[in-house]
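Encoded as structure tokens, the structure appears first; notes follow it.
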């Protein structure tokens, strides 16, 4: 069992849902990333998703793109991200997964990437540009090393294909709420509830919903059907303010925002 | 290279692989559209009416077949082989790009979609897409880096005149690579009713195959024209390679003729130093970019490297996966030419033949002049003159510090 399997094994019997914030590594610097992760876990986050900045992120909206560009402009290296996590992981009471392009994993070497990530305390990877047909070689390594490879299902995924993806996934299924890129939305499609409910009857894996989730009303709408909710751009946008405002204040606001969504999740 | 790997023209396979290269590394959201596009394209390939319609457009709208022109004065000046120019610069819109956009416009209609998006660097593919969309009454949005918009004003205005919307891209390096990213992001949200008309033999399967097939009209005509004019195939064929669509279209019909030497010329830019060139096959290594496994220019972390070329159309840090395959099998020889060398070739062609070549095509001209000098007068070398150079007059003047 990976740390993610253990997490959901603890949450599910009591009907609790996972709150899963997304943070970009190195924006504005890795010290602050570590502080934000500690703060989010202290508020009660179940799992943290750490975005590894990439030069060409085609699935990401303007907020996450810009955070990646800022981090890379400061010459952020993958080795520095892993070093930060190695220092942080022992006292972080929640698993960390990386959202990382296959361009980065391939360049590092599949086996090396997974080994280095595990050494840094990372529990799994979400690889947004690696569809199930191409995932074979990485999936084999992840299975052997008990490293979760979390795959995505979207509104455009045909149902028989969704089942195939579910078969190949470990940790949890990342259910993308909308046809589009990451970013806050005012409304989420109702159809989503039916799609998730359909999948629920056909897999025992936890199903977590992301893309566009940013408001307490989204959380209240989705919590009944999901095992967890992923909140990205809304947090990244708040973190970005640390470049121009006192970090204490920004951290407090991020904490308040997480607490508000966590309240909606358990209420 | 790897001589024991036999090259074949029967690629890609069902997974979109050219040997190990190609594939489909895209977000799940786009997968269904790519699967559907593959099926629609198979239907088109088997449909005689589709071919007839495209053939009719090529003939009466584009002005095909484009001439294969014997450049006698240039040949004499080089003092070796006879140089022939495949005049893609004489096509409607002034480059080979229209061969592909008309084909993809017909596919768009067949799929029942009404909106087309495209990326463009120099603006040639943008103009060709806007043209095809105007011809068929399709809505057209072209993504273009803010930096390229500044460098290529006349093409931006042409696209607008043709009814297309040009959206400036301000993310990342603000050039072609970011325009491609932005087009993919648009497609992520609009995939149900929009077709992404990719401009080169790149991206996820099935694009590298579709674009190669539509551009192969160049090589098929060249083959026939060589047989008519020379009574045989040429000894050597040269084409420039950025993403690699004119080269793929020129080379593909000759892949199974091992006696014909094929040479691809990349952008050597200012120097061999990283960031100074866009010679992906010469200096890069296999990796992932824009949905494909292919040669790329990347750092050790997998981040895409900055590139430079005087020709905006070759200014790309990747290359079509079939070129990676041809490099690996040794079927095509790849080299590069610097900005200074191509400017000299631009001048020479202008003054010996009265033809202004695009700066992209000038790479092929420069290499062909070198090669011709080492060959015998009864041998023939064909250059794919992929586009006209009027668009570059301003850039040439700027590079020389002259008034435009």
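Each reported figure results from applying straightforward, stated rules to the coordinates on display, with no laboratory input. What you see is a predicted model; the values in this text were computed from it and never measured. Note that each Cβ is placed from the backbone with ideal geometry, even for glycine, and that neighbours are counted across all protein chains shown.
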Inset, instruction - Please report the relative contact order for the stretch B:152-301, taking Cα pairs under 8 Å with a sequence separation of at least 6, and give it as a percent rounded to a whole number. - result: 16 percent
Legend entry - Highest-fluctuation residue, B:183, B:46, B:122 considered, GNM on chain B with Cα pairs under 10 Å: B:46
Legend entry - Translational D in µm²/s for the stretch B:37-94 (Stokes-Einstein at 37 °C, 0.692 mPa s, Kirkwood Rh from C-alpha pairs): 234 µm²/s
Inset, instruction - Counting other beta carbons within 10 Å of each Cβ, put B:251, A:32, A:82 in order, fewest first. - result: A:32, A:82, B:251
Legend entry - For chain A, built as a Gaussian network whose Cα springs stay under 10 Å, the top-fluctuating residue of A:223, A:94, A:242: A:242
Inset, instruction - Would you mind getting me the FRET efficiency between residue A:190 and residue B:55? Use the beta-carbon distance for r and R0 = 41 Å, nearest 0.05. - result: 0.30
Inset, instruction - Over all directions, average the projected area of the Cα convex hull of the protein assembly as shown and note it in nm². - result: 29.4 nm²
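In what order do B:113, A:74 fall by count of nearby beta-carbon atoms within 10 Å, going from fewest to most? Walk me through the numbers on the way to the answer.
Details: B:113 19, A:74 12.
Fewest-to-most ranking of B:113, A:74: A:74, B:113.
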Legend entry - Calculated diffusion of chain A, Stokes-Einstein form, Kirkwood radius summed over Cα pairs, 37 °C and 0.692 mPa s, µm²/s: 179 µm²/s
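Which ordering of B:125, B:363 is given by a fewest-first count of other beta-carbon atoms within 10 Å? Kindly include the intermediate steps, with their values, before the conclusion.
Numbers: B:125 31, B:363 35.
In increasing order of surrounding Cβ atoms, one gets B:125, B:363.
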Inset, instruction - Using R₀ = 25 Å, calculate the FRET efficiency as 1/(1 + (r/R₀)^6) where r is the Cβ-Cβ separation of residue A:14 and residue A:118; round to 0.05. - result: 0.30
Inset, instruction - For the stretch B:254-270 and the stretch B:85-105, write down the distance between their C-alpha centroids in whole Å. - result: 20 Å
Inset, instruction - Report the label-to-label distance for residue A:160 and residue A:144 in nanometres (one decimal), using points 7 Å from each Cα along the Cα→Cβ vector. - result: 3.2 nm
Inset, instruction - Place a label point 7 angstrom from the Cα of residue A:200 along the Cα-to-Cβ direction, then list the residues of the stretch A:135-174 whose backbone nitrogen is under 15 Å away. - result: A:173
Legend entry - Where labels lie 7 Å past Cα in the beta-carbon direction, separation of residue B:8 and residue B:233 in nm: 1.8 nm
Inset, instruction - Kindly state, to the nearest 0.05, the FRET efficiency for residue A:241 paired with residue B:340, given R0 = 56 Å and r defined as their beta-carbon distance. - result: 0.75
